[in-house]
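The values are calculated or read from the model by the stated rules, or taken from the named source; none is laboratory data. This is a predicted model, so every value here is computed, not measured. Cβ coordinates were reconstructed from backbone atoms using ideal geometry, including for glycine residues, and neighbour counts include every protein chain displayed.
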């Protein structure tokens, strides 16, 4: 009996310790990135990354600020793409999901299978590129960064399951009251699907925010480059430099080697807004995880 | 249903933007066609076109303005507008390959044998220029005929790219810190170290007094044998094929292919590497440290490094201004092949709508000094000014933050360099390129008879992958002085399908030589 009460009293402490360790494992790398962005290149080369910078310097951020117009432009592009993309994608995915969730739609199974196939198979990079450039003419435009990710079969299925859990009677009663399909969708189904929409909206927004692939493949114009692409350029330039160091032309491009601090500072810039957004959206995230599961 | 409607609408939107683009493109010729009536030189009025160029690197802020100025100045001769696009180096080759595979239309792009040139050739991405070159670029063609550089650019009788016209030789040099060596009393004059034994003695002395630095960093060069391996190849008269560790004897008329690990050069290189690691001249960590050797040297962390005539003749612009360097050519009496003319090329896309116009532009670049200056350096007074023949930033423009005036030193310009027009820069002083060319013309610096040969790896893909794995696991540590079992390595490579590879490569070499002798 004594041991049992003792265990129950200590249980919170054990849980606290475990949670603390896990949180530390998540936060410490992030702190090291921040400290790396504030350390001198010499310190990083000699002592590696550390939790607290030995000599605090703002050189990396100064260098970044010299290119502030490039960075602001990149932010503008990323924000535009994320906001427009998320709204449009949510709408499109929700509409497809609503359609195939209605039992009265005759070919809903065929459409579902069609969506499923896009998850299972892919033509490859070159056919995708040919379709985007030669058929959709997406080259070098802002919508090139939005359109390819608009419809996503995963989210369609998730939304379909959720909308399917909304009783059919609601729709019939709306029809009796004289609402058309569009009105039912906009005024009844969408508000009821808020949890699912918030969750999926978060995933979609993250997808657009983190994307650099579309910018790499479809866009040459440097005014249309999102912020993640800038970070990736730095990293891929480093890898390229290491593999080509014997080539005298590349060796002479002295401005190609960014310092470690610069890499870290750019990293901070790219994740900055997300960090602020997460606490606000956290409760939807937690609530929405189980959203596509069977209701009951 | 609604979803289908949305999909159709989005397709319509993208189609509308396509028509918007077309509208913009079609309004260009109509607005500049008024220029046609004022032109007087050409017999027939040339159509106005837009030429699309792809270069590697970062786009300088002033690039669009410069190329617009070029287009304006030469509108009566070329009738062309220029769209200049830059792709970051890390993605350059891959993106060009994807664009070529999907039949994209652009006009000209930069390429190099150290980029994806051989793959672009394999994909038939470039337009054969045999007929067009003499017709539309006669002066350029004459230049190529005297220098013989088109040899290397010819594949199966077709001229597929336009190499640069500079001449260089990158034979092994050793570069060291003259300030430290002289101060510590063991300094040597220029070209004072000729053999490995002399180098060994010199570095041992350096080790005694410079224990805080790495004395020699094995570093990475383009190709697996690392620096010591390449110096040994030079000593034994072997030429590197730059292909998975194969070499051939420079005196062998049959060009028999030899795997590097089976040569005496390899044994001696391994022995030197082991000795240097044991003596502390080379660090045991060199293989995992991916930092660029030149950066380490510039930060004062390395005493000596492998170098070339080009690199050691440049003006030092290291961050540590106390650094004074000296260099020496190793084994000066041994022959070494000149750098391939394919080091920097421009290729015309197979689907280019205006190859003739591009060739006219390139020909003009060969003959017109003003166009050369504009393309290389920008608009005079805005992007650059001339001081003692050299092109420098204009007064008042901040070196670290040139803003919209940034254009000097743009990446990928190397393919356009002309020895007759090139101006000195901070790094390459006056007379630099003449010295390079003279160096390449010395009797021991000869042209590579296998220049332009690109191996097709498809038939032996698997064996090559196996060879690479064995090389990474055993060959590289042996040459870095960390492992010593050479016979075991040779046996492992033999077991990894070596005979198949050699047979296939020899076949390709023989076919290449036969096609050359047919001409």
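Tabulated data
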{"read-out": "Helices (runs of 4 or more DSSP H) within the stretch B:401-519 that include 2 or more residues over 21 Å from residue B:165 (Cβ atoms)", "value": "B:461-470, B:476-479, B:486-495, B:498-518"}
{"read-out": "Inter-residue pairs, beta-carbon under 9 Å, first within 17 Å of residue A:166 (Cβ to Cβ) and away from every other protein chain (no Cβ under 14 Å) and in the stretch A:77-104, second modelled with pLDDT under 90 and part of a helix (DSSP H, G or I), 6+ apart", "value": "A:103/A:164; A:103/A:168"}
{"read-out": "Criterion: in contact (Cβ under 8 Å) with a residue 60 or more places away in the chain, over 29 Å from residue B:117 (Cβ atoms) and surrounded by 15 or more Cβ atoms within 10 Å (Cβ to Cβ) - qualifying residue of B:418, B:405", "value": "B:405"}
{"read-out": "2 or more residues more than 13 Å from chain A (Cβ to nearest Cβ) and under 30 Å from residue B:52 (Cα atoms): qualifying strands (runs of 3 or more DSSP E) within the stretch B:278-361", "value": "B:345-348"}
{"read-out": "Check on residue B:94, surrounded by fewer than 18 Cβ atoms within 10 Å (Cβ to Cβ), within 14 Å of another protein chain (Cβ to nearest Cβ) and closer than 21 Å to residue B:411 by Cα", "value": "yes"}
{"read-out": "Some residue of the stretch A:118-140 being buried (at least 21 other Cβ atoms within 10 Å of the Cβ), more than 10 Å from chain B (Cβ to nearest Cβ) and part of a helix (DSSP H, G or I)", "value": "no"}
{"read-out": "Residue count, the stretch B:243-259 (criterion: under 18 Å from residue B:451 (Cβ atoms) and touching a helix residue (DSSP H, G or I) at 6+ places or on another chain (Cβ under 6 Å))", "value": "3"}
{"read-out": "Only one of A:181, A:168 that is more than 24 Å from the chain's Cα centre (by Cα) and more than 13 Å from chain B (Cβ to nearest Cβ)", "value": "A:168"}
{"read-out": "Selection count where residues are within 14 Å of chain B (Cβ to nearest Cβ), surrounded by fewer than 17 Cβ atoms within 10 Å (Cβ to Cβ) and in contact with a helix residue (DSSP H, G or I) (Cβ under 9 Å, 6 or more places away or on another chain), scope the stretch A:42-62", "value": "2"}
{"read-out": "Given (1) closer than 30 Å to residue B:62 by Cα; (2) free of Cβ contacts under 8 Å to residues at least 40 places away in the same chain; (3) surrounded by 16 or more Cβ atoms within 10 Å (Cβ to Cβ), number of the condition residue B:428 does not satisfy", "value": "(2)"}
{"read-out": "Selection count where residues are in contact with a helix residue (DSSP H, G or I) (Cβ under 7 Å, 6 or more places away or on another chain), part of a helix (DSSP H, G or I) and touching a residue at least 40 places away in the same chain (Cβ under 8 Å), scope the stretch B:103-127", "value": "2"}
{"read-out": "Condition broken by residue B:86, with the remaining ones in (1) on the phi < 0 side of the Ramachandran plot; (2) assigned to a loop (DSSP other than H, G, I, E, B) satisfied", "value": "(2)"}
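Conditions tested, residue by residue: (1) more than 30 Å from residue B:296 (Cα to Cα); (2) touching a residue at least 60 places away in the same chain (Cβ under 8 Å); (3) in a helix (DSSP H, G or I); (4) within 14 Å of another protein chain (Cβ to nearest Cβ).
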| position | (1), (2), (3), (4) |
| --- | --- |
| B:129 | yes, yes, no, no |
| B:143 | yes, yes, yes, no |
| B:151 | yes, yes, yes, no |
| B:169 | no, yes, no, yes |
| B:174 | no, yes, no, no |
